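The values are calculated or read from the model by the stated rules, or taken from the named source; none is laboratory data. Remember, predicted model here, so these are calculated numbers, not experimental data. Neighbour counts are summed over all protein chains in view; Cβ atoms, including those assigned to glycine, are modelled from backbone coordinates with ideal geometry.
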Ligand code: BGC
C-alpha cells in the first residue's frame with residue numbers, strides 16, 4: 001500500500017472545526033508527487049501541547065512464547081474448517097473450549113484489544129526467525145527474539161491469502177483455550193478492485209473492467225465472511241481497505257483514481273462493512289494519517305465520505321471506528337522534522353485522531369473509536385518530504401501494541417498493522433509495480449516487492465526501535 005499526502009492551507013488549530021482552507025488540487029497532493037501542492041502560507045503548527053505517549057509496557061500485550069510450528073498458517077482449505085451456515089447476527093459471548101468458566105469474549109467497553117492477549121501471527125514469527133538465522137550479533141538476535149512476541153496484522157492481500165485465514169484463527173482460538181482468557185486476532189481486508197489507485201507498488205489482482213467487483217464479493221468477501229462466522233467464539237479486529245476512501249477524498253482524478261474506481265471503492269467497502277458485520281468482528285476503516293487528511297478541509301471531506309459509505313452499508317453496528325497511520329511513518333506527537341509542516345495543524349497522529357474524531361462527530365459518527373499503527377513510527381526526521389511512504393531508511397519500530405494507551409479521543413489501541421520487515425514496494429526501477437517513491441533518496445532501494453520480507457530493513461527497524469526492544 002502507499003499512503004498519500006495532500007495539502008490544504010489552513011491556519012486553524014488542530015481539532016477545531018476547521019477554516020475553509022484552499023484545496024490545492026490533487027495533482028500535487030498525492031504520494032506520487034509529494035507534498036508540494038502549493039506554498040504553505042504559514043508554518044504555524046498550532047497543534048497544541050504534544051501529548052505524552054506514556055510508558056508502554058510491552059509485557060502486558062505480549063502473547064508469550066507462541067510456537068510457530070504448532071500454529072502453521074499453511075494452505076488450509078477454508079471449506080474444511082467452516083461450520084457452514086452460521087448466523088452472524090447471533091451474539092457470541094463464549095469462546096468455547098474446556099475452560100471453566102468458559103471464556104467470556106465480551107470486549108470491555110467494546111474495545112476488542114482491552115483485557116486480551118494479542119495474537120501473534122505465526123507467519124510473521126517465521127519471517128523473523130529467518131532473519132534471526134542470518135545474524136550473528138547476539139544482542140541483535142535477542143532483540144529480534146522479542147519481536148516474536150509482538151502482534152502484527154494478518155493481511156488478506158489476495159484471494160489466495162484467504163485460504164490461510166482458518167489456520168490463523170484456529171491458532172488464536174487454540175491459544176485462547178490454553179490461556180482461558182480472550183485472545184484478539186488482527187486482520188487486514190485489502191483486495192479492492194483497482195487497488196492502490198494513486199500509486200503502483202501495491203496495485204492488486206482485481207480490476208473493475210475484468211469483473212473485479214463481482215470477484216471481490218464472491219471470491220474474496222464471501223469466503224472471509226464464512227470463515228469469520230465460523231470463528232464466532234473469539235475476538236477479531238479487522239482493518240478495512242487501507243488507502244481506499246482517503247484516495248477518494250484527495251486524489252480523485254490523479255493516476256488511476258478515476259470516477260469509476262472511486263465508485264467501486266465506495267460500493268465495495270460498503271459491501272465489506274455490511275457483510276463482515278458480526279458481533280465478534282470489530283471493523284476499523286482506514287482513515288489515512290495526519291500528513292494526508294490532517295488539514296481541516298481534508299478531514300471534512302474524508303469524514304463525509306466515511307459517513308456516506310457507512311450509511312450505504314446500512315450503518316452496521318460493528319463498525320467500531322477507524323485505523324490511522326497504517327503502514328506510514330508519522331509519529332504520535334509533534335517532533336521537529338526536516339520537511340515543512342505546510343500549515344497542517346494536525347502534525348502528530350494523536351492530534352490527528354482528536355481532529356478526525358470531531359470531524360466525524362459533525363457527520364453523526366461521534367461514537368467511533370480509533371487505532372493507530374505504530375509499527376514503524378519510532379524515529380522522526382527520516383524523510384525529506386512528508387509524502388515519502390516507501391521503505392524510508394532509518395525507520396524504527398514504534399510504541400508496542402497496547403490497549404487504551406490514552407492521549408487521544410476514543411483511542412482503543414496502538415497496533416502494529418504493517419509488519420516491520422515487510423517491504424512497502426520494490427525499489428528497483430524496471431521491476432513490475434515499481435513506484436518512483438520507492439526509488440527516492442530516502443527510500444531503501446534494495447527493497448523487494450510489497451509485502452515480501454526485506455531482511456536488511458527489518459534489521460534497521462529493530463536496531464532503531466524507539467522505545468528500544
Ligand atoms: C502489500 C501487501 C502486504 C502488506 C503487508 C502492503 O503494502 O501490498 O501485499 O501484505 O503491505 O506487508
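Taken together, 352, 347 contain a single residue that is at pLDDT below 95, crowded, with 24+ Cβ neighbours inside 10 Å and either in contact with a helix residue (DSSP H, G or I) (Cβ under 6 Å, 6 or more places away or on another chain) or closer than 28 Å to residue 444 by Cα (or both), which is 347. State which residue is nearest to residue 113 (Cα to Cα) when the search covers only segment 322-351 and only residues that are in a helix (DSSP H, G or I) and either free of Cβ contacts under 8 Å to residues at least 60 places away in the same chain or over 15 Å from the mean Cα position of the chain (by Cα) (or both). The residue in question is 350. Can we say residue 130 is under 22 Å from residue 273 (Cα atoms), at pLDDT 90 or above and out of contact with any helix residue (DSSP H, G or I) (no Cβ under 6 Å at 6 or more places or on another chain)? Here the answer is no, as residue 130 does not meet what is asked. Considered as a group, the residues in segment 445-458 that are part of a helix (DSSP H, G or I) and touching a helix residue (DSSP H, G or I) at 6+ places or on another chain (Cβ under 7 Å) include one that is farthest from the ligand (Cβ to nearest atom), and that residue is 455.
Within segment 427-444, restricting attention to residues that are in contact (Cβ under 8 Å) with a residue 40 or more places away in the chain and assigned to a loop (DSSP other than H, G, I, E, B), the residue that is nearest to the ligand (Cβ to nearest atom) is 433. Only residues that are more than 16 Å from residue 379 (Cα to Cα) and surrounded by 23 or more Cβ atoms within 10 Å (Cβ to Cβ) were counted in segment 327-342, giving 2. Do you know which residues across segment 200-218 are within 22 Å of residue 432 (Cα to Cα) and in contact with a helix residue (DSSP H, G or I) (Cβ under 7 Å, 6 or more places away or on another chain)? Result: 201, 206, 208.
Every residue, every condition in (1) part of a loop (DSSP other than H, G, I, E, B); (2) in contact with a strand residue (DSSP E or B) (Cβ under 8 Å, 6 or more places away or on another chain); (3) closer than 22 Å to residue 391 by Cα, yes or no:
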position	(1), (2), (3)
260	no, no, no
269	no, yes, no
279	yes, no, no
282	no, yes, no
291	no, no, yes
298	no, yes, no
317	yes, no, no
320	no, yes, no
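The set of residues in segment 160-178 that are buried (at least 18 other Cβ atoms within 10 Å of the Cβ) and either without any contact (Cβ under 8 Å) to a residue 24 or more places away in the chain or within 16 Å of the ligand (Cβ to nearest atom) (or both) comprises 161, 162, 163, 164, 165, 168. Going by the structure shown, is residue 310 more than 16 Å from the ligand (Cβ to nearest atom), modelled with pLDDT of 95 or more, over 23 Å from residue 366 (Cβ atoms) and surrounded by fewer than 24 Cβ atoms within 10 Å (Cβ to Cβ)? Against the criterion (more than 16 Å from the ligand (Cβ to nearest atom), modelled with pLDDT of 95 or more, over 23 Å from residue 366 (Cβ atoms) and surrounded by fewer than 24 Cβ atoms within 10 Å (Cβ to Cβ)), residue 310 does not qualify.
Can you find, within segment 116-149, the residue that is nearest to residue 458 (Cα to Cα) among those that are part of a loop (DSSP other than H, G, I, E, B), within 21 Å of the chain's Cα centre (by Cα) and more than 15 Å from the ligand (Cβ to nearest atom)? Even if it seems obvious, please write down each step before you answer.
Just the residues of segment 116-149 that are part of a loop (DSSP other than H, G, I, E, B), to begin with: 116, 119-121, 133-137, 148-149.
Okay, now just the ones that are also within 21 Å of the chain's Cα centre (by Cα), so 116, 119-121, 148-149.
Pick out the ones that are also more than 15 Å from the ligand (Cβ to nearest atom) and you get 116, 119-120, 148-149.
On the way: 116: 27, 119: 20, 120: 17, 148: 13, 149: 15 Å.
Here the answer is 148.
Of 248, 221, 236, 227, all but one fail to be modelled with pLDDT of 95 or more and not in a helix (DSSP H, G or I); the exception is 236. Residue pairs whose Cβ atoms lie under 8 Å apart, separated by 6 or more positions or on different chains, with the first residue in segment 194-220 and closer than 19 Å to residue 160 by Cβ and in contact (Cβ under 8 Å) with a residue 40 or more places away in the chain and the second part of a helix (DSSP H, G or I) and within 13 Å of the ligand (Cβ to nearest atom), are 195/244; 220/162.
A quick yes/no check of all residues on (1) over 17 Å from residue 231 (Cα atoms); (2) part of a helix (DSSP H, G or I); (3) modelled with pLDDT under 95:
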{"position": "158", "(1), (2), (3)": "yes, no, no"}
{"position": "162", "(1), (2), (3)": "no, yes, no"}
{"position": "169", "(1), (2), (3)": "no, yes, no"}
{"position": "172", "(1), (2), (3)": "no, yes, no"}
{"position": "181", "(1), (2), (3)": "no, no, no"}
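When the residues of segment 372-412 are narrowed to those that are in a strand (DSSP E or B) and more than 16 Å from the ligand (Cβ to nearest atom), which ends up farthest from residue 129 (Cα to Cα)?
Residue satisfying both the conditions and the ranking: 411.
For residue 383, the conditions (1) at pLDDT below 95; (2) at positive phi; (3) touching a strand residue (DSSP E or B) at 6+ places or on another chain (Cβ under 6 Å) are fulfilled apart from (2). Residues that are closer than 16 Å to residue 329 by Cβ and outside any strand (DSSP E or B) within segment 413-426 comprise 416, 417, 418, 419, 421, 423, 424, 425, listed in sequence order.
Filtered by the rule that a residue be away from the ligand (no atom under 11 Å from the Cβ) and either surrounded by fewer than 21 Cβ atoms within 10 Å (Cβ to Cβ) or more than 19 Å from the chain's Cα centre (by Cα) (or both), segment 184-210 gives 206, 207, 208, 209, 210. Do you know which residues across segment 396-412 are more than 16 Å from residue 323 (Cβ to Cβ) and crowded, with 24+ Cβ neighbours inside 10 Å? Scanning segment 396-412 gives 397, 400. Going by the conditions given, is residue 288 at negative phi, in contact (Cβ under 8 Å) with a residue 60 or more places away in the chain and in contact with a helix residue (DSSP H, G or I) (Cβ under 8 Å, 6 or more places away or on another chain)? Here the answer is no, as residue 288 does not meet what is asked.
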